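Asks: Below: one structure in structure tokens.
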Amino acid sequence: MIRFLNLFVLLGLLLAPSQAVAQDGRVQRTERIAAELAPMSQWAAPGSTAVVAVRQDIEPGWHTYWRNPGDSGGPTTLTWTLPGGVQAGDIVWPLPQRQRLQSLMNYGYSGQVYLPVPIQIPADAQPGTRLPLRVKALFFVCSAEMCVPDELALSLDLPIRDGAAPLDAEHGAAIQRIVETAPRPADVSARITVQDGVATLTAAGGPLAGREPGPSYFFPFEPGMIDHAAPQSGRYGPEGLALALTPGAELAGAGTPLRGVLSTGLGAFEIAAEVGPPLAGTGGSGDLAPAPEDTSAAEAETGSAAGFVQAALFALLGGLILNLMPCVFPILAMKAAALAGAAHDAPRARRDGLAFLAGVLVTFVLLAGALLALRAAGQAAGWGFQLQSPAMTAGLALLMLAVGLNLSGVFHVGAGVQGAGSGPLARLGGTAGAFLTGVLAVVVAAPCTAPFMAVALGAALLMPWPMALAVFLMLGLGLALPYVLISLTPGLLSRLPRPGPWMERLKGLLAFPMYGAALWLAWVFSRQTGAEALGLLFIAGLLLALGGWLLGLAQSERALGRRGLWLAAAGGAALVLAVAGLFVAIRLPAASPGRPAATESGRLPAAPWSAQAVEAALAEGRPVLVNFTADWCVTCKINEAGALHSARTGEAFRAANAVYLVGDWTRRDDLITAELERHGRSGVPLYLLYVPGETAPRILPQLLTEGVVIEALDSARTVRPRAGAAR
């Protein structure tokens, strides 16, 4: 198992942010993007302002982002290293494309992009020399499947000469066109009025007065001010135009101007809309034509055959690896018992293997359909959402207890005592038992995510629903594939011992993982509810065990030719009381979700995650490690016990002066769900390391080791906040 864990960690590191893999002169490359520093003019004169652009050549299916990325992603940032007296200004941002991905709207770029930057040349620069310009460019490069922060070191030696410089032959005209057409302030007045859940942006004067604006759209500079994905409709009048926007959480009570770019058919203008009544003459003459969206990115990412095939292959591989994750261990016990029982009955083994596959696939389709329906209805649901329900957790705990009692021989499903041990899979219910095993495998294993699986699910949730369901089916196929292959291979089955008394002992032994799963789920239930509800769940479990024992006695009586009606009735009554106890337990008020994380984190002091807590720590120059976890995620708990809560990890945190934040997803939390989606994930675990001066967090592997965490903290300790980042 240690070797497998090391392999998964290595695979996670291989998928981590990459640096340049090749270069061609000034051009630096990764698998997703090529970039270089390109001059607008052939040289720069002393005391002048030169323009140098960061040219991006983005691979098909990928994109980078504007200064406000929209609903996901991060802007390109630049950190300059310049000679004395040379100063770099802010990026001159071209007008972005609107890239819709189902319910999300991003603002960004694809293909070839120039980001011009003005460079102040000192007056004492010597003609005939060259100024070495160096910059570290951090690009947040995303596709439908994943987002990768690519950092490239770019350089340009800019010649210094007297006199006016002609345009650079290769890039000059393209950069000049961007500089001339980029949004800039204009003589346009603007107001923002919020009333009855609608924000009305009015703009008047300057180039808008007396002219039809044409298709118009507003790009805010700051995220959270408006709903990026909501449609923008409006009208125009003799003095300007009025746009109806959907306000975001940051705009509702801000009271500050709404700043951004107003794109119209007459040009794009930077505006600052003051809070106040609408401007006169802005909404009476006619309707504005809707601004067209850039659909190429969405089609390339969510609808392309290549993206779908990659997501499907990742899902298949993730499902295979899921068999090795700790959350699936209880189900492996049932698989082992089924294989042992059918080892020397090839037709039965094939039938049970296919029934297990059917149970897995049907349950994956049902869960995926429910998840996609919830998300289509606007609910912030993620993978593993079923165990965020205390009712589901408690029901599964009792079900695991019942399966354990069945394996222990307390009662029998699908056959009487006379057939126990002789009929294959007698105590597991034959084909129906194999199907049920597949159902339980998905329900219990689904909350966990394995390497490759997170990327596949993140991509699937952005695809059209037929593609998304196909990806989920591939995940189910990966989970069931090892068992199905063994059941369809008589040569492998024949290597198992023939049926005998050892099978009964094996079934009794394999009952204990099911008891362990029941205890684990009961513990999760206690964290979701409280001590009183847990006590009622224990009573329900006791009544379930009593009912199972009584029903087992009734089965024994019938095997001996007696009716056993009173025993069966008493057992049925006990089961009814168990269900009643379960119903009362789940109806009790839930436990407070705000328990202090520091009390649960062993040697590592922790605080609850929030975006504000991350920003506050980064403002102090401290690295931040965020652990998105859940009590029902076994992989999360193993990572915490083995990698995060060790003494050496605690020392590394103190040495790096790092902050540890915990995002607890045990119960539903829409903010955490949204944050997982921002990083292309649909479930936990997710580990983010924020480093001061870096725009995007580093994503750590899903299977952590102590060494991985310590190495990440050591690398963060050597980084200091970067000055001069252009945004």
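Asks: Step by step: first the residues of the range 156-207, then only those that are open to solvent by 60 Å² or more (accessible area, probe 1.4 Å) and in contact with a helix residue (DSSP H, G or I) (Cβ under 9 Å, 6 or more places away or on another chain), then the one that is farthest from residue 137 (Cα to Cα). Which residue is that?
Replies: Within the range 156-207, the match that is farthest from residue 137 (Cα to Cα) is 194.
Asks: When you scan the range 95-120, how many residues do you find that are open to solvent by less than 30 Å² (accessible area, probe 1.4 Å), over 18 Å from residue 152 (Cα atoms) and in contact with a strand residue (DSSP E or B) (Cβ under 7 Å, 6 or more places away or on another chain)?
Replies: 8
Asks: Mind checking which residues of the range 340-382 are open to solvent by 60 Å² or more (accessible area, probe 1.4 Å) and modelled with pLDDT of 70 or more?
Replies: Selection gives 347, 350, 351, 354, 362, 366.
Asks: Out of the range 571-588, which residues are within 10 Å of residue 391 (Cα to Cα) and β-branched (Val, Ile, Thr)?
Replies: Scanning the range 571-588 gives a single hit, 586.
Asks: Could you tell me whether any residue of the range 481-494 is part of a helix (DSSP H, G or I), modelled with pLDDT of 85 or more and out of contact with any Ser or Thr (no Cβ under 6 Å at 6 or more places or on another chain)?
Replies: Taking every residue of the range 481-494 in turn, at least one turns out to be part of a helix (DSSP H, G or I), modelled with pLDDT of 85 or more and out of contact with any Ser or Thr (no Cβ under 6 Å at 6 or more places or on another chain).
Asks: Does residue 539 qualify as being without any contact (Cβ under 8 Å) to a residue 60 or more places away in the chain, in a helix (DSSP H, G or I) and open to solvent by 50 Å² or more (accessible area, probe 1.4 Å)?
Replies: yes
Asks: Say whether the condition of being over 18 Å from residue 183 (Cα atoms), within 21 Å of the chain's Cα centre (by Cα) and in a strand (DSSP E or B) is met by at least one residue in the range 92-100.
Replies: So far as the range 92-100 goes, yes, one or more of its residues are over 18 Å from residue 183 (Cα atoms), within 21 Å of the chain's Cα centre (by Cα) and in a strand (DSSP E or B).
Asks: Across the range 639-659, what is the total count of residues that are open to solvent by less than 50 Å² (accessible area, probe 1.4 Å) and either without any contact (Cβ under 8 Å) to a residue 24 or more places away in the chain or outside any helix (DSSP H, G or I) (or both)?
Replies: Summing the residues that are open to solvent by less than 50 Å² (accessible area, probe 1.4 Å) and either without any contact (Cβ under 8 Å) to a residue 24 or more places away in the chain or outside any helix (DSSP H, G or I) (or both) in the range 639-659 gives 4.
Asks: When only residues in the range 283-299 that are open to solvent by 70 Å² or more (accessible area, probe 1.4 Å) and part of a strand (DSSP E or B) count, which is modelled with the highest pLDDT?
Replies: Looking at residues that are open to solvent by 70 Å² or more (accessible area, probe 1.4 Å) and part of a strand (DSSP E or B), I get 287.
Asks: Let me ask you something else. Restricting attention to the range 267-282, which residues are surrounded by 21 or more Cβ atoms within 10 Å (Cβ to Cβ) and in a loop (DSSP other than H, G, I, E, B)?
Replies: 279, 282
Asks: Here is a follow-up. Test of understanding: among 164, 144, 123, 169, which residue is more than 30 Å from residue 467 (Cβ to Cβ), among the aliphatic types (A, V, I, L, M) and either touching a strand residue (DSSP E or B) at 6+ places or on another chain (Cβ under 8 Å) or at pLDDT below 90 (or both)?
Replies: 164
The values are calculated or read from the model by the stated rules, or taken from the named source; none is laboratory data. Remember, predicted model here, so these are calculated numbers, not experimental data. Here the Cβ is made from the backbone with ideal geometry for all residues, glycine too, and neighbour counts use every protein chain on show. In case anyone asks, the SASA skips ligands and DNA or RNA and just uses the protein heavy atoms, side chains included. Shrake-Rupley method; radii C 1.70, N 1.55, O 1.52, S 1.80 Å.
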